[in-house]
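Working notes, structure below.
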Amino acid sequence: MEKKNIDWSNLGFGYIQTDLRYVSNYKNGAWDEGTLSSDSMITLSECAGVLQYAQTIFEGLKAYTTEDGHIVTFRPDLNASRLADSAKRLEMPVFPEDRFVDAVVKVVEANAAYVPPFGSGATLYLRPYMFGTNPVIGVKPADEYQFRLFCTPVGPYFKGGAKPITIRVSDFDRAAPNGTGHIKAGLNYAMSLHAIVSAHEAGFDENMYLDPKTRTKVEETGGANFLFVTKDNKIVTPKSNSILPSITRRSLVYVAKEYLGLEVEEREVFFDEVKDFAECGLCGTAAVISPVGKINDHGKEICFPSGMEKMGPTTQKLYDTLTGIQMGKIEAPEGWIKVIK
Ligand SMILES: *Cc1c(COP(=O)(O)O)cnc(C)c1O
């Protein structure tokens, strides 16, 4: 297979149209058989449920080339089950989890020429999503839906090494108590846009959201979960029912315990404790871990001992071990790596 003529190491994180995407439609209470399509456009009713009442959910995962030349994805079954959880919360039909994984395989196989080569740092980003398609004007769930999965090649998250970022404590909330913070829905992102644009305007890379009810506990950022390292080298990660259950964070917790022999506490984390931690990182598919060097709380700075130059030593170990597992250099736990070809 001839790879596309793309400058892999200079790719950014943007949409590049690829050859084929998977499409399946839900109508009269059932999903159709689904197909690969060369059509990147969607024609919808002007009154489609997604356009009126934001009935849309999504996932994000990556396909990449391992050192020995295989194309693989990482734990796609967890994306399938998380999409099912999101669907239930928004009164959408569940797309069968085995068919989700099958769609991942089909789209990656069909676009293998867009999977960046090993060592480029680039990956093929997969975006599965589902939305209400039929006209809905009175407020209720749609009756018809589309599941779609496209892919786009994206560049390395960190060009020239992972530099610690500076984040601020946000005055906006990303989720309501008992709301939808635990599902991957576009609506959570729509309401985070003003917060992130104003954070950037103020010179910060990200927002730290606190729990919306008491504003005393750490939740997450707009798109990544927190992981802290204590001064005596324990891992601490916030637990809350309004945090999105990051697959990267869950995998790092496993790696910390089973590969690195570290103690892990998944519990409520009060903001007051944060100043005593040694390291801080943000976990998500895009970067695996982004190190946080500094947190600005309304002008008061918390500077982690790991500094602004590089990841802290334990964060680095976690990062190296998980990326080593993903790239096939370190033996993976059963079922983590889905070999596509
Ligand atoms: C997708 C997402 C994450 C990261 O999840 P991964 O499965 O690790 O990619 C974290 N927080 C939010 C709000 C998200 O939407």
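No value in this document is a laboratory result; all are computed from the given coordinates. If you're wondering where the values come from, they're calculated on a predicted model, not measured in any experiment. For neighbour counting, all protein chains shown are included, and Cβ atoms are generated from backbone atoms with ideal geometry for every residue, glycine included.
Points to keep in mind about this one:
- Counting every other Cβ atom within 10 Å of each residue's Cβ, MET311, MET41, MET130 order from fewest to most as MET41, MET311, MET130.
- Take the Cα of ASP85, step 7 Å toward its Cβ, do the same at HIS70, and the gap between the two points is 2.7 nm.
- Taking the fewest neighbouring Cβ atoms within 10 Å as the starting point, the ordered list for VAL264, VAL339, VAL292, VAL72 is VAL339, VAL264, VAL72, VAL292.
- For region 150-280, the gyration tensor built on C-alpha atoms gives a rounded shape. Its axis ratio a/c (a ≥ b ≥ c) stays under 1.5.
- Cut-off 14 Å, label 7 Å out along Cα→Cβ of SER198, residues of region 284-305 by amide N: 298
- Segment GLU265..LYS234, full-extension length gain: 10.4 nm, with 0.36 nm per residue of separation and the alpha-carbon distance subtracted.
- Backbone N within region 43-61 under 20 Å of label point (7 Å from ARG127 Cα along the Cβ vector): 43-45, 48-61
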